[in-house]
Structure formats: structure tokens, C-alpha cells
1. Quick one: Kirkwood hydrodynamic radius for the stretch 262-311, alpha-carbon pairs, angstrom, one decimal?
2. Please order Val8, Val301 by the number of other Cβ within 10 Å, starting at the fewest.
3. Averaged across orientations, what area in nm² does the convex hull of the alpha carbons in the stretch 227-314 project?
4. Taking the DSSP beta bridges in the chain as the whole, what percent of them are antiparallel, to the nearest 5?
5. Find the centroid of the Cα atoms in the stretch 120-153 and in the stretch 88-111, then give the distance between the two in whole Å.
6. In degrees between 0 and 90, to the nearest 10, how far off the longest principal axis of the chain does helix 161-170 point, with axes built from Cα atoms?
7. Per residue of the stretch 61-74, in order, report the coupling 6.51 cos²θ - 1.76 cosθ + 1.60 (Karplus, θ = phi - 60°) as ³J(HN,Hα) in whole Hz, putting x for Gly and Pro.
8. Using alpha carbons only, how many angstrom separate the centre of the stretch 1-79 from the centre of the stretch 207-262?
Amino acid sequence: MTNLMLFVYYASYIYFLALPLLLWVLFRREGTFSGRIVRSAAGIFLLGITVLAYARFVEPRILVTREHDLQLCAAGEGQLRAAVWADPQTGIFGNVMPVDRVVRQLNELGADIVVIPGDFTYYLPAERIAETFAPMAELQPPTFVVMGNHDAGLKKGPDVVAPLSRALIEMGITVLDGRNTDYQHGDQVIRIIGMRDHWTAQRDRTPINAAVPNTPADLTLALQHNPDVLYERRRLPAFDLMIAGHTHGGQVLLPVLTCKLTFACDVHRYGFAEKRRGNIFVSSGTGLGGIPMRLAVPPVVDVLNISYQPCNDK
């Protein structure tokens with residue numbers, strides 16, 4: 001599988017060899033019927049491979065920021081500006097969004113906190129972790145993270161949870177993989193429940209999160225890599241908002257087909273949703289998985305402008 005992904009990655013450079021030949025066929029002067037057929041076929045083929053070339057060479061390097069205004073019911077009353085960076089998936093593909101570029105973007109957003117719901121790596125050797133993620137030491141807002149299935153070596157790549165966690169902790173980043181923490185934001189207590197990746201917890205037959213304290217919190221956020229946990233776990237801790245990644249927003253977004261052929265839409269493909277078991281925000285993130293392409297789903301850093309207050313029906 002790795003060899004196939006790398007073949008697609010490097011074979012894509014053939015586009016630049018084919019481009020001049022196709023343009024020559026397209027614009028040469030030949031008025032015969034067969035000539036027009038050849039030119040039409042060349043034009044259609046050129047359009048198709050140009051879309052693929054855009055998805056391979058251009059869109060994975062377009063970093064966008066999207067703001068989302070959320071109004072939540074919670075125990076307390078206040079506001080929180082949280083930046084979400086999901087699925088960096090740095091490793092096998094050289095066209096993935098650079099870590100230092102995302103860090104610069106995050107520092108410019110004026111966020112109160114940064115949350116990263118896992119999948120830092122994608123076939124990244126353990127010995128390259130420290131240098132690859134070194135720019136994260138420059139993150140200015142308090143940053144809270146959990147691991148994803150790729151970090152744990154589930155489905156693809158080596159298990160690098162231990163060295164990755166050590167490297168992040170040394171940078172001053174709070175790793176909440178199966179742990180909880182209370183963050184003091186002004187006079188408000190923000191509780192952050194760091195869930196282990198759903199698939200990894202299933203594989204290891206371990207609890208998905210630690211026991212949540214009985215002490216009150218004004219707002220409770222749950223960090224989880226895989227949104228499927230919302231329906232596939234019988235018991236979940238109480239939360240006001242779950243923040244997840246994993247879906248990549250479909251990564252290559254084709255009407256109907258993406259949802260039919262992938263897991264991206266199993267719970268929610270991208271954005272905020274009020275589900276039966278709780279509110280969830282799914283970020284499409286910045287990384288690449290399976291194929292080195294993004295189409296109609298550019299890499300994104302999401303900013304959640306959360307306003308919360310007690311609701312009468314709670």
C-alpha cells in the first residue's frame with residue numbers, strides 16, 4: 001500500500017511532461033474530421049489531468065482560516081475563542097501543509113486556546129518526530145492535544161504515541177490522551193476531556209477517557225480524533241461540545257460519491273452539528289491520507305467563537 005501511494009505521488013510529475021504535448025495536439029491546425037476528434041479527446045484528457053494536477057500540486061498548499069460562531073448551553077456563562085488544527089498527518093507525502101506555516105497562522109488568530117484532535121503523523125519515523133514538529137514550540141496560545149489512529153499505528157504507519165507525546169510535552173504542549181484538565185479562562189473554568197482515539201481504545205481494550213471530576217466547570221469540551229465515537233460508544237462523559245477530525249472533509253469532495261464510498265459522512269463530514277448524543281464540531285484539517293491530493297476541501301484552520309450560557313431546558 002505504501003509503494004502504491006508513493007507511486008501516485010511521484011507519477012503525478014508526468015503531468016508536466018504531458019502538458020506541452022497535449023497543448024501541441026490541441027492547438028495544431030488540422031481541419032480534418034479525425035483531427036477534430038483527436039483535438040477534442042486531447043482537450044478532455046487535458047482538462048481531467050489538470051484537475052488532478054491542481055488537487056496534487058496546488059490545493060494541498062492553500063491554507064484557509066474559517067470562523068464559526070457557536071452558541072452553546074453550558075453550566076456557566078462566557079466566551080471562548082478556540083482554534084482547531086486537525087490531522088497534520090506529516091510524513092510520507094512531501095506536499096502536505098508545512099507545520100511551521102500552520103503555527104504562524106495559529107499565532108496570528110488571537111485564539112484563547114488551540115486544540116489538535118490527533119493524527120499528527122502519517123508513516124513518519126520516530127527519529128524524525130522532534131525535528132518535524134519543532135515549530136510547535138513557538139505556539140503562543142495554550143495548546144491541548146490528543147492522538148489519532150495513525151499516531152497509534154492503527155490502519156497505517158508505526159505506533160509513535162510515546163515519542164510524539166514526549167516531544168510535544170517538552171515543547172510545553174498539554175497532551176490529554178485519556179486524561180482531563182481544567183483550564184482557567186478569566187473567571188471561567190473550561191474543562192477539557194482528552195479522549196483516546198476511538199479505534200485505538202477498541203484495539204487495546206482500554207477506557208476511552210479517565211473519570212471526569214465531580215467539581216463544577218463552566219464549559220466542557222471533549223477532544224476526540226474520530227467522530228464515530230459519538231454513536232459507536234455506549235457510554236460517553238457529559239460534554240457541551242466534542243471537537244474531532246479524522247474525516248479530512250472527504251479530502252477529495254465529489255458530489256454523492258465521496259459520502260457513498262468513504263467514511264467521511266458517517267457522522268458528520270465537516271463543521272458544527274447538533275447530534276442526538278451531543279454537539280460536535282468536525283474539522284477537515286490540513287493533512288493528506290491515502291492519496292496525495294485535496295479537491296474542494298483545502299487545508300483549514302478552524303476558529304470556534306464559542307458563546308455559552310445556561311439554557312432553560314437543561
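No lab work stands behind these numbers, since they all come straight from the coordinates. Nothing here was measured: the structure is a model prediction, and the numbers come from that model. When we count neighbours, we look across all protein chains shown, and the Cβ atoms used for this are built from the backbone with ideal geometry, even at glycine.
1. Evaluated over the stretch 262-311, this radius sits at 13.1 Å.
2. The fewest-first ordering by Cβ neighbours comes to Val8, Val301.
3. Over every viewing direction, the Cα hull of the stretch 227-314 projects on average to 6.9 nm².
4. Among the beta bridges of the chain, antiparallel pairing accounts for roughly 40 percent.
5. Taking the Cα centre of the stretch 88-111 as reference, the centre of the stretch 120-153 is 11 Å away.
6. Once rounded, one gets 70 degrees.
7. 10, 9, 9, 10, 10, 10, 9, 10, 9, 10, 10, 10, 8, 8
8. Result: 31 Å between the Cα centres.
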